[in-house]
Amino acid sequence: MKTTKKGFTLIELIVVIAIIGVLAAILVPSMLGYVKKSKVSSANSTASTLQKAINTTLIEVDEETQDAGSITSISHTKAATTVHIGGSIPSGATAAGIYAKIANYMEKAQKLEFNAQCEGAACTAVAVCLDDTYTGTAPGGVVTVDNYKDYKGTSNLSKALSGAVKKAS
């Protein structure tokens, strides 16, 4: 009577593990590049959404006060319940009220640190810091996968905003 053994030999298992190891060694570095690209893209998308929220807020403020053009900049620090307004706050409006309107149009505004430049009752450029590594701008294209480390952290938010202002003009 002849018995046949079913299963894989040790050599076959070692060969399969070696092939998986080679594939992993090739794929992991390229996947890390996609993660960086995705995070930079997400930061730029967040900045674009925030710019739209600020523009909508400025339209509302202008409808209420006819003086949103006096706002030249808006900045916010994480977890704050108000914004810092550059220029002058229109009469009848408050920094907390303006922040509440922005937060109404963008829920995660409270979790963001951002700077925005306004001109003629419109937000022309925004720089937003998602975390200490990734910063995004609107208009986009200022922060890329190649240079995102140059804009890393909240201390470089002004630098990112300057680049966005240049791109917008």
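Taken together, the values in this text are just the output of simple stated rules run on the coordinates, not laboratory data. Everything quoted here is computed from the prediction, not taken from an experiment. Cβ sites come from the backbone with ideal geometry, for glycine too, and all protein chains shown count toward neighbours.
Some points to look at:
- About the centre of its Cα atoms, the chain shows a dipole size close to 1200 debye [charges on the beta carbon of Lys, Arg (+1) and Asp, Glu (-1) only; nearest 20 debye].
- Whole-Å distance, taken between Cα centres, linking region 74-138 and region 1-59: 34
- For the chain, radius of gyration divided by Kirkwood radius, i.e. Rg to Rh on alpha-carbons: 1.35
- You can think of it this way: the chain between residue 9 and residue 110 has 30.5 nm of extra reach, that is 0.36 nm per residue less the Cα-Cα gap.
- About its Cα centre, region 18-99 has a charge dipole of approximately 740 debye under the convention of +1 per Lys or Arg Cβ and -1 per Asp or Glu Cβ, with nothing else charged.
- Cα lying deepest toward the dipole's positive end in the chain, options 86, 29, 163, charges on Cβ: 29
- Across region 88-120, the residues whose backbone nitrogen lies under 14 Å from the label position 7 Å along the beta-carbon direction of residue 79 are 110-113.
- Axial C-alpha extent at least 20 Å, average Kyte-Doolittle at least 0.5 - helices from the chain (DSSP): 10-65
- 15 Å cut-off, amide nitrogen to a point 7 angstrom out along residue 145 Cα→Cβ, residues in region 1-41: 27-41
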